Amino acid sequence: MDSTREVEVVVVGAGQAGLSGAYHLRRTGFEPDRDFVVLDHSPGPGGAWQFRWRSLTYGKVHGMHALPGMELTDADPARPSSEVIAEYFAAYERAFDLRVRRPVDVRAVREGTAGRLLVETSDGVWSTRALINATGTWDRPFWPRYPGQESFRGRQLHTAQYAGPEEFAGQRVIVVGGGASGTQHLLEIAPYAAATTWVTRRPPVFRDGPFDENLGRAAVALVEERVRQGLPPRSVVSVTGLPLNDAVRQGLKDGVLDRRPMFDRITPDGVEWKDGRSVTADVILWATGFRAALGHLAPLGLREPGGGIRVEGTRAVGDPRVHLVGYGPSASTIGANRAGRAAVRDIRRLLAAEEPAAAA
């Protein structure tokens, strides 16, 4: 017996972008379970936020934008963001009856019959007319490779494994990466560690003053141009610069945020530069970001020679049934909300255009 279940739309991922898409499906008349299904591989609500380190309190979060239709109110800034946002997402799913199925691993999306896509998962196969992909990046931490890396006798970990600063007490720590996570790690670890060293490929750019709408549009436009060309997207944050808040100013004054250029090789006891300088370390913490988790889409052959998926708006240029939300220019909380709405609008047009042919 064929156990494949049919729906109009499958949403993969229940973070900010996936929930936004599900909300707009629900709002425009799609019924959960009958017309669409939301699949999420995480153990509970909260998207990637549920895995963030506990010392990242809600008050330290930059630019968390509310989901459409329901504000996040009265959040305690001293509580871990992982708890605050997980509870908010859970309440949101209940309020709009989104019926997220979890934990479900989506293993592959491939061509089906009659113009449908087959979504192969740990919970069986779904046949769908359209796909909203909102898988984010948390599952694909990016680890750069440097000569001698395997010889290092200390510990190496990525931001994805960071649990908090206390575990680095009395240790010499090198933090690699010039983004928000790298600076947050340094500022937290410095009071505990014996020594910290900050290393980045490019000099960090600090942004003083408000980040207004014009700057936001310009940053998003730069990321959009990359995905239009089929290049792997850079994060919006990578083109906006680091906010020069009070904590960062203090870190610069204290010398914690004294950046060094990227080292050339890793030794058993630390790192070295070509000019002979070296730093001894017990830990290398790679705050080097994440890449889009899109391996399950590989059977569709959407990747361009440049390594990315070419996208117009949210629609994959190579397959109008596939929409990528939370990807490239929509990889921010406000961008994810807008992308969810835009994807549903386009999908409604696509499904409506197919109706006469289906009826004939």
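The values are calculated or read from the model by the stated rules, or taken from the named source; none is laboratory data. None of the values given here were measured: they were computed from a predicted structure. Cβ sites come from the backbone with ideal geometry, for glycine too, and all protein chains shown count toward neighbours.
The table below gives the values:
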{"quantity": "Hits in the range 12-29 - residues which are over 14 Å from the mean Cα position of the chain (by Cα), touching a residue at least 60 places away in the same chain (Cβ under 8 Å) and in a loop (DSSP other than H, G, I, E, B)", "calculated": "28"}
{"quantity": "Some residue of the range 77-88 being closer than 22 Å to residue 295 by Cα and either modelled with pLDDT under 95 or not assigned by TED's automatic domain parsing to the domain that holds residue 181 (or both)", "calculated": "no"}
{"quantity": "Checking residue 44 against (1) on the phi < 0 side of the Ramachandran plot; (2) at pLDDT below 95; (3) of a type in the set (Gly, Ala, Ser), the condition it does not meet", "calculated": "(2)"}
{"quantity": "The range 127-149 residues that are within 20 Å of residue 33 (Cβ to Cβ), paired with ones that are part of a loop (DSSP other than H, G, I, E, B) and among the small types (Gly, Ala, Ser) (beta carbon under 6 Å, 6 or more apart)", "calculated": "127/112; 134/13; 134/326"}
{"quantity": "Per-region count, the range 270-316, residues in a loop (DSSP other than H, G, I, E, B), among the hydrophobic types (A, V, I, L, M, F, W, C) and more than 22 Å from residue 140 (Cβ to Cβ)", "calculated": "2"}
{"quantity": "Residue list for the range 150-177, restricted to those being more than 26 Å from residue 42 (Cβ to Cβ), of a type in the set (Gly, Ala, Ser), in a loop (DSSP other than H, G, I, E, B) and in contact (Cβ under 8 Å) with a residue 60 or more places away in the chain", "calculated": "154"}
{"quantity": "Residue within the range 123-135 that is buried (at least 16 other Cβ atoms within 10 Å of the Cβ), out of contact with any Ser or Thr (no Cβ under 6 Å at 6 or more places or on another chain) and basic (Lys, Arg) present", "calculated": "yes"}
{"quantity": "Any chance residue 281 is crowded, with 22+ Cβ neighbours inside 10 Å and under 19 Å from the mean Cα position of the chain (by Cα)", "calculated": "no"}
{"quantity": "Residue match in the range 40-63 (condition: within 30 Å of residue 244 (Cβ to Cβ), more than 19 Å from the chain's Cα centre (by Cα) and in a helix (DSSP H, G or I))", "calculated": "yes"}
{"quantity": "Condition broken by residue 43, with the remaining ones in (1) loosely packed, with under 15 Cβ neighbours inside 10 Å; (2) more than 21 Å from residue 100 (Cα to Cα) satisfied", "calculated": "(2)"}
{"quantity": "Test set (1) part of a loop (DSSP other than H, G, I, E, B); (2) surrounded by 15 or more Cβ atoms within 10 Å (Cβ to Cβ); (3) among the charged types (D, E, K, R) - residue 120 fails condition number", "calculated": "(1)"}
